Every structure is written in C-alpha cells, then in structure tokens.
C-alpha cells in the first residue's frame, strides 16, 4: 500500500486543530531523487535570531547566549562577538558553534551579576565563512534575581576520571560497574571503588577499523548482575561505493558472561536503518543516526534522526526516508533476527504483523528516550539549524509555488522537550510520509504555537501535530539537548523525579521538574558550590541509584569532534561518605 495522508485541501481552517492522527500506511521504497531548485540570491551577513530576546528582563544569571546567523560564521572571527556589562566590563565567555557554524553559543565563564544590564555585541570584524563582514548588532538584556529554582538544588563536586575523547554514551550496570562507548567502536567497562570512582578500565569490544559510531546503550529488562544483557545502537562508516553507505544503522544485543573477551556474545537484531554522512572535526561522521533505545511494556523504542536539516534538499546524502525522523517501536521479542529494514527489504511498518512500527513522527534528531515513572515517554529534539532558503523545506503539493523560495526566514528556536504519544506528529516534515509542513505552519493571522510565519495564513500543521505536548526548552538554555535520565534514588532527594538533560551547546546539565500533567514546571542548571560546572560538551548521563552519583560522557567540542572530551562524575557536595555496599 502506498503512502496516504489526509488531503490538506479538505481541512477546515479553524485555527490550530490539535487532534490525534492515525499512523499512516507506508510501503518502504527508497527515494534517491533530488529536487532542482534555483540558487537563492546572496543575502547580507547578519544576525537572524537570538536568545535572550532583545530587551528581555529577569534573565537567569546562569544564562548562555545563543546567536543564530543567516550564514555560516568563520570560527576564527568568533573573538569579535562580545558580552559586555553596563559599566563596560567584558564578560569572559566560552564560544562554540554547531555543525552548520551558523548557530553560536556564548557561555559566560562565571554567573552574571543579578539585576544588571548586559549587551551582546557583534562588529563588522565578525566574518562569514565566505569572508563577508557582519552587519553590526547589539542586543540588550537584564538579569533577574538569582534563580530560586537553582538555589533550591543541591550543589555538586565534579571529578574527571578518564580522559578518553569522543565518548557518546554511558550507562551504570546492574553489576555495579560502569559502561561506556565512543564514536570509534570501543565498548569500555570500569569497576567502581567504595567512593564511587571508576577504576580498572577494560576494553570489552574494539572495532579495528574504527568504523562503528556507538550512540546508545540500554540494559535488557531481564538484565541482572548475573545475567548481563546489553543492547547497543550504532552506525558504521562504510566505503562510499557500498550500497548501504547511508543505511548502516544497527541494533545489537550483547551478552556479557564475565571479564574475559571470549565470554562476550553479540547478536545483530536490526540493521539497515538510515542516516546521513558528513565531515566533522576532520572525521567522517554519521549525523542524525538511529539514536536512543528504551524498553517499555514489552516493546523496544528507538529515535531515528532526519537525513536533512529541514525536510527537503539539500540533505546529508539521501532524502528523508519512511523510517527517518521518527520514533520506531519494535516488537523485539518476536523479531526473527537479524531483521533487515533497508529499503530493498520491502518491509512495511504499517502491516498488522510487522515487527517494526512507526510510533510517532516529526522528530528531527533526538538522542535519548526516557521511560519515566509517571507513565510517560519523553525525548528532546535538536532544532532545525536553518539559515534560510539554502536549507530546504519540502514542497507541499497543496501550496502554490516553491516553498523553499517562499520561506526565507531562519527557523525560530523551537528546540523542545516532547511528551511522546502514539500517532502524534512533532513538526519535522518528511515527504516520504506525505508530511510537508514545517513545525506548526501558519494557521491563523494571530501568533500560533510553533508557527512559521512565512507560510500563507491558513496553512495548517500536519495531522496530529502535538503542540500541547511540546515544551520549548530552548528558552531555558536547552540548545542541543541530548542524553537524559530520570533522577531516581533509593532515598528521598530534591531531584527525585526530575529529568536530568545534557544541554550540549550550553555546556550544562539541567534539572527539569515535571508537573502533574507531565509537562515541565521549571528548568534549572546543576551547579557546583562555586557556580557553574566546567563542562566542555556533555552528551550523555547515567546514575548510580544507590549513591546518587552521576557519571557524564563529556563528549567535547563539536568542531573538534570531541578531541577535548573526557568522562566525569558528579557527587553531592553535602554527601556523607559511604560504601556502595551499605
């Protein structure tokens, strides 16, 4: 059965109709076609959007400043972006870029002063990658009192326990050992001493070609200290001539029998999932690959990233696929492994007896899925790093003209935490599933949730658009939210029930407290007694539920592909020393 979708011409224009859509019927067919577009006219190099907003008040003193430009920035000119207080003093900041070099984050080295006006400046000495000078700008904002939410949190002491670069995932085990994997095919284990420090580093698996890029580890629901069953998600760097160059996403089940390598058995469960390809920090990387794994109610869920920035060409090698930019649900206990989901397999996720189904759509790139004790599934997604028409949206057949020429704006900051529900859509277009509208479209002449105002008024979002289940964490420093856990401790704790999320670009760990409706009520950064925690780019987090110690995969700077990364632990500053056996 071919892809079907509600004809948008038959929709009524009554504003933002939030309704659950049924999963679409799809036959998995590869589409390697590329739409032809006219090159957009050259624009002057300027700031397109930023956070905090212009003249914002009550900005948290621990804020990170995010600036988004309409062109890629020359990294050598970042030094000419400055944060200045009203008295003229410059605030030292760590500056970093995203993959596009068009989104820049300034992280003050210390907390800003409360009730103080600041200005973020960019001069003409800031250059685009092509050498064009920036149109100068100055954006003012004023800090508020010290955050009450942050003041109420416990403080943490941080230690670096391993200097390994490019660690992508970390997980505490039922055997009271720590496990982690990196972007070059290494799966590593540590013993834990009585103070919670990892020791006796052991490499369990090593890819001699360094082809594997691990992205997530998850324990099987039946795993115990005597029955260690670990699941892993990774993609591979195959040669370009390989017909699976863009389809190496793999889920494996690893049985660990003991300390020796010979007792490790790995079984491929699923393979052939889509991903992009890109050079980053001098390495061939796999952007937006099949990501996080989580088990719930007898099923396995996985987030699979997009293969483009905004749903249309240009892309990272292949157009969006029927199994990209979505949350997949696997009936893992009935899979006849290995299950091939490459387009050539002809697998149909809409078939009643299919072992893989599409649970939710419109999820651009979500590293982690969390099954919370409140009964909900959560994920957080990276925004569209869209600098304008050069990052294409797909053409909607129900809208006249080329939408890529029509939608000229830089995408608003819609980086959000999603409460996931079956059959809902979270805003990222995928034409292979007949989903064309970016985010919330533009349904009314008023300001609509997650709107793209360049769309004609009356453009509805895709069916099942879940605006009421999306919380804009970018307003709380949540740019590039990645690894995430629910904080759980065997005894009562101020963080119990909070989601702890790695905010990669703003270099912090955030505690997200949830309300009775399952949505956030406040977001606050974890801190040391002295102020900010000095992280380089936290990507994943795990916890010892007995001691409360947190372990962080601090991947490092994106432009260096984690060359400055390491592994860290956080322990409560007010802890009482105790043996983990107590």
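The values are calculated or read from the model by the stated rules, or taken from the named source; none is laboratory data. Since this is a predicted model, take the numbers as computed values, not measurements. Here the Cβ positions follow ideal geometry from the backbone for every residue, glycine too, while neighbour counts run over all protein chains shown.
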Response to the item:
Reported set for segment 206-233 where residues are touching a residue at least 40 places away in the same chain (Cβ under 8 Å), surrounded by 17 or more Cβ atoms within 10 Å (Cβ to Cβ) and within 26 Å of the chain's Cα centre (by Cα) is 213, 214, 215, 216, 217, 218, 219, 220, 230, 231, 232, 233
Worksheet entry | Breaking point among (1) surrounded by 15 or more Cβ atoms within 10 Å (Cβ to Cβ); (2) farther than 30 Å from residue 257 by Cβ; (3) not assigned by TED's automatic domain parsing to the domain that holds residue 92, for residue 167 | (2)
Practice prompt. Could you figure out which of (1) crowded, with 17+ Cβ neighbours inside 10 Å; (2) within 28 Å of residue 165 (Cα to Cα) isn't true of residue 240?
Written response: (1)
Practice prompt. Could you tell me which residue of segment 488-512 is nearest to residue 372 (Cα to Cα), considering only residues that are surrounded by fewer than 19 Cβ atoms within 10 Å (Cβ to Cβ) and in contact (Cβ under 8 Å) with a residue 40 or more places away in the chain?
Written response: 497
Worksheet item: When you look at residue 455, is it in the same structural domain as residue 321 (by TED's automatic domain parsing), crowded, with 20+ Cβ neighbours inside 10 Å and modelled with pLDDT of 90 or more, yes or no?
Response: no
Worksheet item: Any idea which of (1) closer than 22 Å to residue 573 by Cβ; (2) under 15 Å from the mean Cα position of the chain (by Cα) is the one residue 483 doesn't satisfy?
Response: (1)
Practice prompt. Take residue 505 and decide whether it is in the same structural domain as residue 304 (by TED's automatic domain parsing) and part of a helix (DSSP H, G or I).
Written response: no
Item to complete: May I ask you to verify whether residue 296 is touching a strand residue (DSSP E or B) at 6+ places or on another chain (Cβ under 8 Å), without any contact (Cβ under 8 Å) to a residue 12 or more places away in the chain and closer than 22 Å to residue 482 by Cβ?
Response: no
Practice prompt. Provide a single number: the residues in segment 459-502 that are within 14 Å of residue 379 (Cβ to Cβ) and part of a helix (DSSP H, G or I).
Written response: 2
Worksheet item: Regarding residue 12, is this residue at pLDDT 90 or above and farther than 23 Å from residue 132 by Cα?
Response: no
Fill in: In segment 409-467, the residues that are out of contact with any strand residue (DSSP E or B) (no Cβ under 9 Å at 6 or more places or on another chain) and closer than 27 Å to residue 44 by Cα
438
Item to complete: Answer yes or no: is there a residue in segment 397-408 that is assigned by TED's automatic domain parsing to the domain that holds residue 503, at pLDDT below 75, surrounded by fewer than 16 Cβ atoms within 10 Å (Cβ to Cβ) and assigned to a loop (DSSP other than H, G, I, E, B).
Response: yes
Item to complete: Name the one entry in 111, 162, 191 that is touching a strand residue (DSSP E or B) at 6+ places or on another chain (Cβ under 6 Å) and not assigned by TED's automatic domain parsing to the domain that holds residue 511.
Response: 111
Item to complete: Those residues that are within 17 Å of residue 506 (Cα to Cα), crowded, with 17+ Cβ neighbours inside 10 Å and out of contact with any helix residue (DSSP H, G or I) (no Cβ under 7 Å at 6 or more places or on another chain), I need them from segment 45-68; list them, please.
Response: 50, 52, 59, 60, 61, 63, 64, 65, 66, 67, 68
Item to complete: Identify, from the list 31, 98, the residue that is more than 24 Å from residue 562 (Cα to Cα), outside the structural domain of residue 537 (by TED's automatic domain parsing), in contact with a helix residue (DSSP H, G or I) (Cβ under 8 Å, 6 or more places away or on another chain) and modelled with pLDDT under 85.
Response: 31
Item to complete: List the number of the failed condition for residue 533; all other conditions in (1) farther than 12 Å from residue 507 by Cα; (2) assigned to a loop (DSSP other than H, G, I, E, B) hold.
Response: (1)
Worksheet item: Just to be sure, is residue 126 buried (at least 16 other Cβ atoms within 10 Å of the Cβ), in contact with a helix residue (DSSP H, G or I) (Cβ under 7 Å, 6 or more places away or on another chain) and either outside the structural domain of residue 543 (by TED's automatic domain parsing) or within 24 Å of residue 501 (Cβ to Cβ) (or both)?
Response: yes
